[in-house]
Amino acid sequence: MARQLSSLIREGFARALSGPGGIQALACAHGREPALGQLDWQDMASLMHSRSVPATRQDDVLAAAIRCYRNGSRCIWAPVLLTMLAPAVIAMAARARRLSPEIEGEDLDQQAVLEALRACAEMPLWDGCRYVQRRVVLLANKRLMRWTAREHRHRSQLTGDELMEIRK
């Protein structure tokens, strides 16, 4: 049985930060990004999920984490970003599953994660940028929907035998 995307994100977060590189990456981030203050990994994630934190503070912290992802160790920062964006990424994958039931759920989950990280790596991010999470999610969702449309077109052109080979 397929594992839930939420549990995979939590496990990836725990695994990435348990290594020796996590402490060093956090110390380096604190030196480079004043918006992170003295937040630890758990604080960054919970700050993004709390409605009591002002949106401008969330924007600053997420933008700082994205800059760290772009300039630092991606194997550390990717799970951090995914944890920060988890509710939105999970909702995006669930929406894609409803719209594209012919595509395997694990494939959609994997593509949703890929598109979220790709959006973090490529979207314009200037100082004082606002609506950061919304911009990441909108770009990732647009790319995910394009991917599902291409997959749907590709699968509709396949014969029955070729389609069975893909599903194996």
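Only the coordinates and a few stated rules stand behind these numbers; no lab work does. Being a predicted model, the structure only gives us computed values, none of them experimental. Quick reminder, even Gly has a Cβ in these numbers, built from the backbone with ideal geometry, and neighbours come from all protein chains shown.
Evaluated at q = 0.27 Å⁻¹, a Debye calculation over the C-alpha positions of the range 73-152 (equal weights, vacuum) places log10 I(q)/I(0) at -1.34. With the Cα gyration tensor of the range 1-62 giving a ≥ b ≥ c as the square roots of its eigenvalues, does the rule (a/c under 1.5 for rounded; else a/b larger than b/c for prolate; else oblate) give rounded, prolate or oblate? Cα axes put the range 1-62 in the oblate bin.
Rounded to the nearest 10 degrees, what's the angle between the helix 86-99 long axis and the longest principal axis of the chain, both from Cα atoms, 0 to 90? Orientation of helix 86-99: about 10 degrees from the principal axis. Couplings for the range 49-54, taken from phi via the Karplus curve 6.51 cos²θ - 1.76 cosθ + 1.60 with θ = phi - 60°, read 9, 9, 6, 7, 7, x Hz in order; Gly and Pro are left as x.
Simple spin-label estimate for Thr56 and His154 gives 4.5 nm between the two label positions (7 Å along the Cα-to-Cβ direction from each Cα). Summary of packing: across the peptides 101-111, 135-145, the per-residue average of other C-beta atoms within 10 Å ranks them, highest first, as 135-145, 101-111.
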